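The values are calculated or read from the model by the stated rules, or taken from the named source; none is laboratory data. What you are looking at is a predicted structure, and each value in this text was computed from that prediction instead of being measured. When we count neighbours, we look across all protein chains shown, and the Cβ atoms used for this are built from the backbone with ideal geometry, even at glycine. Note: areas computed on protein heavy atoms with side chains; ligands, DNA, RNA excluded. Shrake-Rupley method; radii C 1.70, N 1.55, O 1.52, S 1.80 Å.
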Amino acid sequence: MKENISLWQFFVLTITFELGSAVVVGIGNDAKQDAWIAILLAALPGFLLIWMYSYLLSLLPGKNLFEIMEVAFGRKFAMGLTIAYSVYFFYLACYVLRDFVEMIGSAVLFNTPSGVVAVTLMLVIAYILYLGFEVVGRVAEIFSPYMFFFIFLLSIFVWISGNFEIKNLQPVLSEGFQPIMNAIFPQLLGFPIGEIPIIFTVLMAHTSNFKYSRKVGMYAFGTGTVILVWAAILQIAVLGVDIKLRSDFPLLSVARMVSFANFFERIDATIVFIMMFGIILKISVFSFIGLKGLEYVFRMPYRPFVFPMSMLIALFSLINSESFAEHIEKGFKILPPYFHMPFQIYIPLLIFFIVIWKKKRHRFRKGGNR
Amino acid sequence: MNRCFVFSMIVVIAFILNGCWDAYELDQIGIVTGVAIDKGEAKKLKMSVEIINAPELSPQQSKGNSSTVVYGLEGNSVAELSHKMNVAVSKKLDFSHLQTLVIGESVAREGLLDFLDYFESSKETRNDFDFIIAKKVSAEDLMSTTYPTENIPSMKIYSQLETGSKEWGTYPRVRMKDIITAMVSEGRQPVIPVATVTGSIEEGINVENRKNVEPKAIVTFTNLGVFKGDKLLGYLSLDDTRNYLWTQNKLKFTSISVPCGKNKFFTVRAYHSQTNIKANYRKGEPNIKLNIEMEARLDEIHCHADITKSNVYKKLEKKIEDHVEQKMTATINKVQNKYKIDIFGFGDVMNRQDYQAFKKVKNKWDEEFTRADIAVNVKVNLRRAGVRTKSFLTELKNE
């Protein structure tokens, strides 16, 4: 069972991962009608981080984040950090799963118990992961064209049915850059922008051709950001700022607005598909990285962990928050400053500088011996 | 062993994946096409639902019975009532095909539109149904008044609204999104079309009414309801409604009759109308400019005019422009002086175009609106006139 994905799979996987749930749930709400500018600007530090992390990986070829940590801190300390990282990624998987469960519960299936939704989805994901990471890449490859097609279709339908009012985007930059900065730091930077560089630290080590993976990753990240910006524009232009801010799933509300020729209506199922596909991939990737961490800690292949961890993710996604409000509160108030920032930026940056310092010293010593 | 495991998994998954929990078959649900909200006598509200009687809609199975069933129940919240209707109704109600929501006048007057929250956040209802205020009659009666060529009363109202807004501009198509956005916006107040029942209500709610050549009762649209927040303030006439639509750039077609002599008129069909609004503050005064440009076709003319000449076209254009400008200004002034609220959304335009100035006055925009200097500028391009060059009236001997 191979664990390498092709560059094209890596490309579509990254885009789908970035869109994931972010395209459906509203992001950048602090910036009001300038949310799209905020997303665009938040991508800049994202590019910088991708560049730095891929440089870090290229210093120690073939190693992923956890193995690099060993180089930086030594095995004992790296093990502690790896466990923390694994827990973080498994928690993100729980969080994303709960997003999906909540959407199904509040907008699609009222009476179905949340547990059933969570467990069935996790069974599928456990199967995918059990077959290996290559299968994740192939799932992305097969289904992402449908996702792009649905987003395209939605844009066209909304435009034809006359709901697209570009004037809702005005006034642009009414309060200056302050609200945009508030939206970017730390929320947008943590979700969804900062998630990309940090998953790259593990995924890039599993691409078939590492040399080009940085370039491909950057292109994918750029494309994903453009689609996110478009989704934000779509949401604001169709719903208006006020309704967008009050919607749990703005893109779903956008789909509900579609109605033309008395025939093209009720296309919400496509949005549920987009969300479900994005979430399956997000959970797969998060769990895979978490499992890789376990693999590093226990020095054994991750397959025996797949099924129990998947069921634990399903369980914890449900007991993590009692209500949707608590879930959202955690995601917007607690996760970004206390978890996203350290795990996605501070610790990797620390490793980055330590590794560079060690490399330099190493080279210097080498030169001295000569 | 392995095959056994796979087989048992397939069986288990087949049970899990079919989504039985939320399955309702067609014969278990009653499709609601209309909802009417009246003021309750004992409780806060009275909600009436119109459920379709599906066999009556099919030409083969129809027995001439009523194609809809209307039932009303009193309660305190719409969300509860929508599940409590089964005290009289046989099936589970499904609101996803709602066409028309009728609101009683007294409910609107007292600002009881808070039930809209249910319709906004419910997963079943969408943004594709129309709103109507029932004037002088109860909302339930308005929703139950039958009509010969349409089986379902609320569908009649729905298509009446749709056609009317396209043909003449009788009523704006007000959807939930428009109302809610207008309610929360600082620079706009909502409007909802107003209808009443002309004729005898008792005979109107009978299927027999559909057998009359001249229906004994019929739903007619009379006004446009003007709201301040969630409270109904008053009514505008149908002519004002058309002018309102014009300011909203929502008027697709309309016919304008312009006087051209004593009891003589000429009528043009206007189309491709485009409205641009410019709003800003000049020397501390709100300044709003409406530029309307449209094309027109001469449909009818009672006066002597040689319409083979282009300068006659120019003269007619000027007359239409003056007429429309005057009527529009009158409508806007009436709203400014009588109701003192901005139903036109000029505040929203100001917010977009002159944000810094609007920010200072956004809490008292309606006051600013009443003293705003509003200018209407109409440009008509009269293109052609029917299939005759001259009217036969110009050749009449006895003139």
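Residue check: A:TYR95 meets all listed conditions (1) over 18 Å from the mean Cα position of the chain (by Cα); (2) closer than 21 Å to A:ALA325 by Cα; (3) open to solvent by 20 Å² or more (accessible area, probe 1.4 Å) but one, namely (1).
Tally up the residues in region A:247-263 that are more than 12 Å from chain B (Cβ to nearest Cβ) and open to solvent by 20 Å² or more (accessible area, probe 1.4 Å), please. Steps first, answer last, please.
As a first pass, look at region A:247-263 and keep what is more than 12 Å from chain B (Cβ to nearest Cβ): A:250-251, A:261, A:263.
Narrowing the set further to residues that are open to solvent by 20 Å² or more (accessible area, probe 1.4 Å) leaves A:261, A:263.
Total meeting the criteria: 2.
Considering only region A:106-216, give the helices (runs of 4 or more DSSP H) lying wholly within it that have at least 3 residues that are open to solvent by less than 50 Å² (accessible area, probe 1.4 Å) and within 14 Å of chain B (Cβ to nearest Cβ).
Working: elements: A:114-131, A:133-160, A:178-183, A:195-203.
So the answer is A:114-131.
Each residue in region B:360-372 was checked for being β-branched (Val, Ile, Thr) and either part of a loop (DSSP other than H, G, I, E, B) or open to solvent by less than 40 Å² (accessible area, probe 1.4 Å) (or both), and 1 pass.
Please enumerate the residues belonging to region A:278-297 that are of a type outside the set (Gly, Ala, Ser) and open to solvent by less than 10 Å² (accessible area, probe 1.4 Å).
A:ILE279, A:LEU281, A:LYS282, A:ILE283, A:VAL285, A:PHE286, A:PHE288, A:ILE289, A:LEU291
The single condition from (1) under 17 Å from the mean Cα position of the chain (by Cα); (2) away from chain A (no Cβ under 14 Å); (3) open to solvent by 30 Å² or more (accessible area, probe 1.4 Å) that B:ILE157 fails is (3).
Among the residues of region B:269-299, which ones are within 17 Å of B:TYR313 (Cα to Cα) and under 24 Å from the mean Cα position of the chain (by Cα)? Walk me through it before giving the result.
As a first pass, look at region B:269-299 and keep what is within 17 Å of B:TYR313 (Cα to Cα): B:269-271, B:293-299.
Once the filter is applied, which keeps residues that are within 17 Å of B:TYR313 (Cα to Cα) and under 24 Å from the mean Cα position of the chain (by Cα), region B:269-299 yields B:ARG269, B:ALA270, B:TYR271, B:GLU293, B:MET294.
Among the criteria (1) farther than 21 Å from B:PHE369 by Cβ; (2) not assigned by TED's automatic domain parsing to the domain that holds B:MET183, the one B:VAL219 does not fulfil is (2).
What are the residues in region B:23-48 that are in a helix (DSSP H, G or I) and either under 23 Å from B:SER77 (Cβ atoms) or more than 14 Å from chain A (Cβ to nearest Cβ) (or both), if any?
B:LEU26, B:ASP27
When B:HIS83 is tested against the conditions (1) under 30 Å from B:LYS231 (Cβ atoms); (2) more than 13 Å from chain A (Cβ to nearest Cβ); (3) open to solvent by 50 Å² or more (accessible area, probe 1.4 Å), the lone failure is (2).
Evaluated against (1) assigned to a loop (DSSP other than H, G, I, E, B); (2) within 14 Å of chain A (Cβ to nearest Cβ); (3) among the aromatic types (Phe, Trp, Tyr), B:TYR171 falls short on exactly one condition, (2).
Annotation for region A:219-231: at least one member residue is within 15 Å of A:MET52 (Cα to Cα) and either within 14 Å of chain B (Cβ to nearest Cβ) or buried (at least 22 other Cβ atoms within 10 Å of the Cβ) (or both). The residues in region B:373-397 that are open to solvent by less than 30 Å² (accessible area, probe 1.4 Å) and without any contact (Cβ under 8 Å) to a residue 60 or more places away in the chain can be counted, and the count is 0.
Tell me, please, whether a residue that is farther than 23 Å from B:ILE179 by Cβ, within 27 Å of the chain's Cα centre (by Cα) and open to solvent by 50 Å² or more (accessible area, probe 1.4 Å) can be found in region B:338-359.
Looking only at region B:338-359, we keep the residues that are farther than 23 Å from B:ILE179 by Cβ, and these are B:353-357, B:359.
The next check asks that each one be within 27 Å of the chain's Cα centre (by Cα); those that pass are none.
The answer is no, given that none of the residues of region B:338-359 is farther than 23 Å from B:ILE179 by Cβ, within 27 Å of the chain's Cα centre (by Cα) and open to solvent by 50 Å² or more (accessible area, probe 1.4 Å).
In a residue-by-residue description of region B:213-220, the property of being more than 14 Å from chain A (Cβ to nearest Cβ) and open to solvent by less than 20 Å² (accessible area, probe 1.4 Å) applies to at least one position. Taken over region B:254-274, the residue count meeting the criterion of being of a type in the set (Phe, Trp, Tyr) and either in contact with a His (Cβ under 9 Å, 6 or more places away or on another chain) or outside the structural domain of B:LYS327 (by TED's automatic domain parsing) (or both) is 2.
If you scan region B:88-119, which residues turn out to be open to solvent by 50 Å² or more (accessible area, probe 1.4 Å) and assigned to a strand (DSSP E or B)? Answer for region B:88-119, where residues must be open to solvent by 50 Å² or more (accessible area, probe 1.4 Å) and assigned to a strand (DSSP E or B): just B:LYS92. Would you confirm whether any residue within region A:24-33 is within 30 Å of A:VAL241 (Cα to Cα), open to solvent by less than 30 Å² (accessible area, probe 1.4 Å) and over 22 Å from the mean Cα position of the chain (by Cα)? Yes - at least one qualifying residue is present in region A:24-33. Looking only at region B:120-140, count every residue that is over 19 Å from the mean Cα position of the chain (by Cα) and either buried (at least 24 other Cβ atoms within 10 Å of the Cβ) or hydroxyl-bearing (Ser, Thr, Tyr) (or both) and tell me the total. So the count comes out to 2.
Do we find that A:ARG266 is on the phi > 0 side of the Ramachandran plot, open to solvent by 20 Å² or more (accessible area, probe 1.4 Å) and over 24 Å from the mean Cα position of the chain (by Cα) in this structure? Against the criterion (on the phi > 0 side of the Ramachandran plot, open to solvent by 20 Å² or more (accessible area, probe 1.4 Å) and over 24 Å from the mean Cα position of the chain (by Cα)), A:ARG266 qualifies.
Before we move on, is B:GLY187 in contact with a helix residue (DSSP H, G or I) (Cβ under 7 Å, 6 or more places away or on another chain) and either in a strand (DSSP E or B) or among the aliphatic types (A, V, I, L, M) (or both)?
Values: in contact with a helix residue (DSSP H, G or I) (Cβ under 7 Å, 6 or more places away or on another chain): yes; either in a strand (DSSP E or B) or among the aliphatic types (A, V, I, L, M) (or both): no.
Considered against the rule, which asks whether it is in contact with a helix residue (DSSP H, G or I) (Cβ under 7 Å, 6 or more places away or on another chain) and either in a strand (DSSP E or B) or among the aliphatic types (A, V, I, L, M) (or both), B:GLY187 comes out as no.
For region B:258-312, the set of residues classified as assigned to a strand (DSSP E or B), exposed (fewer than 14 other Cβ atoms within 10 Å of the Cβ) and among the small types (Gly, Ala, Ser) consists of B:GLY261 only. In region B:188-215, the residues that are more than 26 Å from B:PHE346 (Cα to Cα) reach residues that are outside any helix (DSSP H, G or I) and open to solvent by 60 Å² or more (accessible area, probe 1.4 Å) with C-beta atoms within less than 6 angstrom, at least six apart or across chains, in these pairs: B:THR196/B:LYS136; B:GLY199/B:LYS216; B:SER200/B:LYS216; B:GLU203/B:LYS216; B:ASN209/B:LYS216.
Would you mention how many residues in region B:355-367 are within 22 Å of A:GLU165 (Cβ to Cβ) and within 9 Å of chain A (Cβ to nearest Cβ)?
To start, the set of residues in region B:355-367 that are within 22 Å of A:GLU165 (Cβ to Cβ) comprises B:355, B:358-359, B:362, B:365.
Imposing the further condition that a residue be within 9 Å of chain A (Cβ to nearest Cβ) reduces the set to B:355, B:358-359.
The qualifying residues number 3.
Being farther than 18 Å from B:VAL32 by Cβ and not in a loop (DSSP other than H, G, I, E, B) is the filter here, so list the residues in region B:120-158 that pass it. Within region B:120-158, B:ILE133, B:TYR147 meet the criteria.
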